[in-house]
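Worksheet: one structure, shown below.
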Amino acid sequence: MNLQVSRAVCIEQHGGPEQLKQVAVQVGDPGPGEVRIRHKAVGLNFIDVYQRSGLYPMSMPVQLGMEAAGVVEAVGAGVTHLAVDNRVAYASQPPGSYCDFRVMPAKNVCRLPDDISFETGAAMMLKGLTAQYLLKRTQPQGGLNPGDFVLFHAAAGGVGLIACQWARAMGLQLIGTAGSDAKCALAKDNGAAYAINYSSEDFLARVKDITGGKGVKVVYDSVGKDTWDKSLDCLSPFGLMASFGNASGPVAPFAPGILGAKGSLYVTRQTLFTHMATRESTQAMADELFAVVASGQVKIHVAQHYRLEDVQQAHRDLEARKTTGCTVLTL
């Protein structure tokens, strides 16, 4: 076997950013169904924080990172959709993208169009595919139609800025929330019809005002504990509460009976990798993402860059809500 040494970022126990350690790992040849990829850029996501902190428990030690872009160096038996020297990008299990190169399952790796840079590819896959499954696959009763109101929390984040633009392209009236006036302005610049600064405004009162008291058809919520209760009250009857993250902490247990009292509401907890369970579904989602980016309707904002060796600071800034748009680690 051809063994090479790669830098990688691992944790040996759950905890704060100080647990992130750069180590040297040996990387061999890909086995059946696998590829070896040399990374050009690596994406940073809140799921990395959840895995590091223990909110999503992991078996130790673990190499972190869920998305990247680079070049295929070697292809294992049975892999037919990729070839050596292909430009590729991915969001994929298992974690491990915080490194120079790795061997990984080929199922969720997609060819990266030539007109999309490695940096953009690394920044867009997990967040862009998340926006895709939310707006296109996680819809309320009757679907989403032009003119419909939707509420999207953390609208100035990586997923949020993509969702703002994509919702505008779909003709939706997206109401975004963010934690500062500057972030609200950013959300509006990227297609949000309305933006609410939740640190200085009551977002429930504003949503009711904006919608003439009717509420929204769906709430997309990656914040969790801090926004949950009021978000339910933002929904119109038969509305959908779509949870996809826990940035402020997990939602407390609640009695299902309140959903009836609040308007026969629906609640769902979505995860990206359920939608990406097959090679075919992954490619279909990626094709739609690549097309909307290539069309110019959605632009990927890479607002922060950190070197791989500065990953601890990158995590600190992400958790402190100091970032907007997408963040990449450079190699």
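If you go through the stretch 64-76 and pick out every residue that is touching a residue at least 40 places away in the same chain (Cβ under 8 Å) and either surrounded by fewer than 19 Cβ atoms within 10 Å (Cβ to Cβ) or part of a loop (DSSP other than H, G, I, E, B) (or both), you end up with 5. Of the residues Val79, Val84, Val27, which single one is more than 15 Å from the chain's Cα centre (by Cα), surrounded by fewer than 18 Cβ atoms within 10 Å (Cβ to Cβ), farther than 21 Å from Met124 by Cα and of a type in the set (Val, Ile, Thr)? After ruling out the rest, the residue left standing is Val84.
Among the residues of the stretch 129-185, the ones that are aromatic (Phe, Trp, Tyr) and not assigned by TED's automatic domain parsing to the domain that holds Ile196 come to 1 in all. The single residue among Ser248, Ser243, Ser281, Ser231 that is closer than 23 Å to Ile162 by Cβ, of a type in the set (Ser, Thr, Tyr), touching a residue at least 24 places away in the same chain (Cβ under 8 Å) and touching a His at 6+ places or on another chain (Cβ under 9 Å) turns out to be Ser231. Within the stretch 201-221, can one find any residue that is part of a loop (DSSP other than H, G, I, E, B) and under 28 Å from Tyr56 (Cα atoms)? Within the stretch 201-221, none of the residues are part of a loop (DSSP other than H, G, I, E, B) and under 28 Å from Tyr56 (Cα atoms). Check the stretch 192-203 and report whether any residue there is under 18 Å from Gln297 (Cα atoms) and assigned by TED's automatic domain parsing to the domain that holds Ala247. Yes, the stretch 192-203 contains at least one residue that is under 18 Å from Gln297 (Cα atoms) and assigned by TED's automatic domain parsing to the domain that holds Ala247.
Number of residues in the stretch 108-148 that are under 15 Å from Thr274 (Cα atoms), of a type in the set (Val, Ile, Thr) and not in a helix (DSSP H, G or I) equals 1. Pairs meeting the criteria (first residue in the stretch 14-32 and assigned by TED's automatic domain parsing to the domain that holds Pro95, second residue surrounded by 12 or more Cβ atoms within 10 Å (Cβ to Cβ) and assigned to a loop (DSSP other than H, G, I, E, B), beta carbons under 7 Å, at least 6 apart or on different chains) are His14/Gly54; Pro30/Gly76; Gly31/Gly76; Pro32/Gly76. Residues of the stretch 181-202 that are of a type outside the set (Asp, Glu), at pLDDT 95 or above and surrounded by fewer than 20 Cβ atoms within 10 Å (Cβ to Cβ): Ala182, Ala185, Lys188, Ala193, Asn197, Ser200. Restricting attention to the stretch 125-151, report how many residues are β-branched (Val, Ile, Thr) and surrounded by fewer than 20 Cβ atoms within 10 Å (Cβ to Cβ). So the answer is 1. Pro30 - would you say it is part of a loop (DSSP other than H, G, I, E, B) and in contact with a Lys or Arg (Cβ under 6 Å, 6 or more places away or on another chain)? Considered against the rule, which asks whether it is part of a loop (DSSP other than H, G, I, E, B) and in contact with a Lys or Arg (Cβ under 6 Å, 6 or more places away or on another chain), Pro30 comes out as yes. Is it the case that Asp287 is farther than 30 Å from Asp181 by Cα, acidic (Asp, Glu) and free of Cβ contacts under 8 Å to residues at least 40 places away in the same chain? Criteria met by Asp287. Of the candidates Ser97, Ser117, Ser92, the single residue that is small (Gly, Ala, Ser) and at pLDDT below 95 is Ser92. If you filter the stretch 152-177 down to residues that are closer than 15 Å to Ile210 by Cβ and touching a Cys at 6+ places or on another chain (Cβ under 9 Å), you find that the one that is surrounded by the fewest Cβ atoms within 10 Å (Cβ to Cβ) is Ile175.
Can you tell me how many residues in the stretch 305-330 are in a strand (DSSP E or B) and in contact (Cβ under 8 Å) with a residue 60 or more places away in the chain? So the count comes out to 7. Selection over the stretch 149-184 of residues that are closer than 20 Å to Gly245 by Cα and in a strand (DSSP E or B) gives a count of 9.
The condition of being under 23 Å from Asn45 (Cα atoms) and buried (at least 21 other Cβ atoms within 10 Å of the Cβ) holds for Gly245. Checking each residue in the stretch 41-63 for being surrounded by 21 or more Cβ atoms within 10 Å (Cβ to Cβ) and in a strand (DSSP E or B) picks out Ala41, Val42, Gly43, Leu44. On inspection, Val79 fails the criterion of being assigned by TED's automatic domain parsing to the domain that holds Ala286, touching a residue at least 40 places away in the same chain (Cβ under 8 Å) and either assigned to a strand (DSSP E or B) or of a type outside the set (A, V, I, L, M, F, W, C) (or both).
The values are calculated or read from the model by the stated rules, or taken from the named source; none is laboratory data. Being a predicted model, the structure only gives us computed values, none of them experimental. In this analysis, Cβ positions are derived from the backbone assuming ideal geometry, glycine residues included, and neighbour counts consider all displayed protein chains.
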